[in-house]
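Asker: Got a structure for you, questions after.
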Amino acid sequence: MKKISFFLMACTILFSCTTTETKKTEKKVNDFAIIIHGGAGTILKKNMTEEKEKEYKAKLEEAIRVGYTILQNGGTSQDAVIKTIQVMEESPLFNAGKGAVFTNAGTNELDASFMDGKTLNAGAVAGVTDVKSPIELAVKVMTDSEHVMLSGKGASTFAKEKGLEIVEPSYFYTERRFKSLERIREREKTELDHDDKTAAFYDSDIKNAKFGTVGCVALDKNGNIAAGTSTGGMTNKRWGRIGDAPIIGSGTYANNKTCGVSSTGWGEYFIRSQVAYDISAQMEYQNKTLKEATTDVIQNKLTKLGGTGGVVALDKNGNMSFEFNTAGMYRASMDDDGNLVIKIYKE
Ligand code: ASP
């Protein structure tokens, strides 16, 4: 008898603990939602014309509304993420697809990744030079191959076999990005002796950099989270450098149990910090809220390491978070009531 009542008491305690915890994180705030970024960095109002600001905001709005409409009509988060990112890939305003930054060799090498929070399936591509939509290719790697990441020529061959749109490498050219490369090359020639070049150069350039990577996280009406990121990487990159954007767990992560994340910033630090996965892990193992986890990872851990940039994140209950340690981040979100938020600078 004693044993039975002890067992019942233990069950009651266990049950009440579980329900308290569940209550903390289970409040659904949105049945569906979407959040995007167009890169973070030294984005200052004093350096921006009103016209440029309008242009960025209009493109962010156009992109997010595409994904929002898909979600509102009962479409999948996967579809919403692909279509939203494609709008930004096609815009020369962002460092992804057309408008990608240039490598040291004067080429464009594109990286992208995608993750499905329901299955934990993922796809990624790195160093792609002739595929119009790297995010579409990343999703194809996930759905049509047994691999997670393909790179360079192989990725391009796969894209051709799967019938994806191939473009001339010149499709990605924009004068603005080419001029950025030329400016860096000039400084490289005049300012530094060769051994110091790479480090110092990366340094001085990165501190003033405007990371223009694009990313999107969506939650659909079925409770599925998807996240995707697409980028040209960093200006003047060489030796086949690959950043965080195609690394699952750094640039992109999604898990229906916790959240979805897309990152932008100085990729090397995001890889070393496993930014996207760390946010999800803190929610899963430490029962943190999305806001607590994104704040800790960006403002505390990434910042201490010396990394700059930010994330957009969205949890299973439709909570959303923009978190960055730079002067600005192009960003937007929409909740299930259609409330639109678009911001550029820190507030
Ligand atoms: N994270 C990207 C990279 O390191 C750059 C960016 O976000 O703009 O390649």
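Asker: Out of the residues in the stretch 282-294 meeting the condition of being buried (at least 16 other Cβ atoms within 10 Å of the Cβ) and in contact (Cβ under 8 Å) with a residue 12 or more places away in the chain, tell me which one is nearest to ASN325 (Cα to Cα). Break it down into steps so the answer makes sense when it comes.
Answerer: At the first step, the residues of the stretch 282-294 found to be buried (at least 16 other Cβ atoms within 10 Å of the Cβ) are 282-283, 288-290, 293-294.
In the following step, the residues that additionally are in contact (Cβ under 8 Å) with a residue 12 or more places away in the chain were identified as 282-283, 289-290, 293-294.
Working: GLN282: 19, MET283: 21, THR289: 19, LEU290: 17, ALA293: 14, THR294: 11 Å.
Per the criteria, the residue is THR294.
Asker: Sticking with this one: Can you give me the number of residues within the stretch 256-265 that are surrounded by 24 or more Cβ atoms within 10 Å (Cβ to Cβ) and in a loop (DSSP other than H, G, I, E, B)?
Answerer: Narrowing the stretch 256-265 to residues surrounded by 24 or more Cβ atoms within 10 Å (Cβ to Cβ): 258-265.
Then drop every residue that is not in a loop (DSSP other than H, G, I, E, B), which leaves 258.
Looking only at that region, the number is 1.
Asker: I'm trying to understand the selection: among the residues of the stretch 49-89, which are touching a residue at least 24 places away in the same chain (Cβ under 8 Å) and either outside any helix (DSSP H, G or I) or charged (D, E, K, R) (or both)?
Answerer: Those that are touching a residue at least 24 places away in the same chain (Cβ under 8 Å) and either outside any helix (DSSP H, G or I) or charged (D, E, K, R) (or both): GLU53, GLU55, LYS57, LYS59, GLU61, GLU62, ARG65, GLY74, GLY75, THR76, GLU89.
Asker: Moving to a separate point now. Please find, within the stretch 83-122, the residue that is nearest to the ligand (Cβ to nearest atom) out of those that are of a type in the set (Val, Ile, Thr) and touching a Gly at 6+ places or on another chain (Cβ under 7 Å). Explain how you work it out, then say what you get.
Answerer: Start the filter on the stretch 83-122 by keeping residues that are of a type in the set (Val, Ile, Thr), which leaves 84-85, 87, 101, 103, 107, 119.
Cutting the leftovers down to touching a Gly at 6+ places or on another chain (Cβ under 7 Å) gives us 84-85, 101.
Details: THR84: 17, ILE85: 13, VAL101: 8 Å.
In this case the residue turns out to be VAL101.
Asker: Of all residues in the stretch 210-229, count the ones that are part of a strand (DSSP E or B), within 10 Å of the ligand (Cβ to nearest atom) and out of contact with any His (no Cβ under 8 Å at 6 or more places or on another chain). Even if it seems obvious, please write down each step before you answer.
Answerer: Kept after step one, since they are part of a strand (DSSP E or B), are these residues of the stretch 210-229: 210, 214-219, 225-229.
Now restrict to residues that are within 10 Å of the ligand (Cβ to nearest atom): 210, 214-215, 229.
Imposing the further condition that a residue be out of contact with any His (no Cβ under 8 Å at 6 or more places or on another chain) reduces the set to 210, 229.
Residues meeting the conditions: 2.
Asker: Something else: So the check is Cβ under 8 Å with 6+ separation or different chains; which pairs have a first residue in the stretch 164-176 that's part of a helix (DSSP H, G or I) and a second one that's surrounded by fewer than 16 Cβ atoms within 10 Å (Cβ to Cβ)?
Answerer: Hits for this filter: PRO169/THR107.
Asker: Could you list, ordered by first residue, the pairs with Cβ atoms under 9 Å in which the first is in the stretch 143-156 and under 10 Å from VAL125 (Cβ atoms) and the second is part of a helix (DSSP H, G or I) and charged (D, E, K, R), at least 6 apart or interchain?
Answerer: Pairs that qualify, where the first residue is under 10 Å from VAL125 (Cβ atoms) and the partner is part of a helix (DSSP H, G or I) and charged (D, E, K, R): there are none.
Asker: I've got another one for you. Which of (1) buried (at least 19 other Cβ atoms within 10 Å of the Cβ); (2) in a loop (DSSP other than H, G, I, E, B); (3) at pLDDT 95 or above does MET234 not meet, given it meets every other one?
Answerer: (3)
Asker: Being in a loop (DSSP other than H, G, I, E, B), buried (at least 24 other Cβ atoms within 10 Å of the Cβ) and of a type outside the set (Val, Ile, Thr) is the filter here, so list the residues in the stretch 237-254 that pass it.
Answerer: Let us first name the residues in the stretch 237-254 that are in a loop (DSSP other than H, G, I, E, B), namely 238-247, 249-251.
In the following step, the residues that additionally are buried (at least 24 other Cβ atoms within 10 Å of the Cβ) were identified as 243-247, 250-251.
The answer is GLY243, ASP244, ALA245, PRO246, SER250, GLY251.
Asker: Right, PHE270: within 28 Å of ASP336 (Cα to Cα) and within 15 Å of the chain's Cα centre (by Cα) or not?
Answerer: Details: within 28 Å of ASP336 (Cα to Cα): no; within 15 Å of the chain's Cα centre (by Cα): yes.
No, not satisfied.
Asker: Scan the stretch 230-264 for residues that are touching a Leu at 6+ places or on another chain (Cβ under 8 Å) and either within 7 Å of the ligand (Cβ to nearest atom) or not hydrophobic (A, V, I, L, M, F, W, C) (or both) and jot them down.
Answerer: The answer is SER230, THR231, GLY232, GLY233, THR235, ASN236, ASN255, GLY260.
Asker: Another one. Please identify the pairs in which a residue from the stretch 296-315 that is free of Cβ contacts under 8 Å to residues at least 24 places away in the same chain has its Cβ atom under 9 Å from the Cβ atom of a residue that is polar (S, T, N, Q), counting only partners at least 6 apart or on another chain.
Answerer: Listed by first residue and then by second, the contacts come to ASP296/GLN282; THR303/ASN325.
Asker: Among (1) closer than 12 Å to VAL214 by Cα; (2) surrounded by 22 or more Cβ atoms within 10 Å (Cβ to Cβ), where does GLU90 come up short?
Answerer: (2)
Asker: Between a first residue in the stretch 222-237 that is under 30 Å from ARG185 (Cβ atoms) and a second residue that is more than 8 Å from the ligand (Cβ to nearest atom) and assigned to a strand (DSSP E or B), which pairs have beta carbons less than 6 Å apart while being 6 or more apart in sequence or on different chains?
Answerer: Final answer for the pair search is THR229/SER113; THR229/GLY215; THR229/THR252; THR229/SER262; SER230/ALA112; SER230/VAL214; GLY232/LEU110; LYS237/THR103.
Asker: Restricting attention to the stretch 275-287, does a residue exist that is of a type in the set (S, T, N, Q) and within 14 Å of the ligand (Cβ to nearest atom)? Outline the logic, then answer.
Answerer: Applying the first criterion (of a type in the set (S, T, N, Q)) to the stretch 275-287 yields 280, 282, 286-287.
Retained after the next criterion (residues that are within 14 Å of the ligand (Cβ to nearest atom)): none.
No, the conditions are met nowhere in the stretch 275-287.
The values are calculated or read from the model by the stated rules, or taken from the named source; none is laboratory data. Here the structure is a predicted model, which is why all the values come from computation and not from measurement. Using ideal geometry, Cβ is built from the backbone for each residue, glycine included, and neighbour counts are taken over all protein chains shown.
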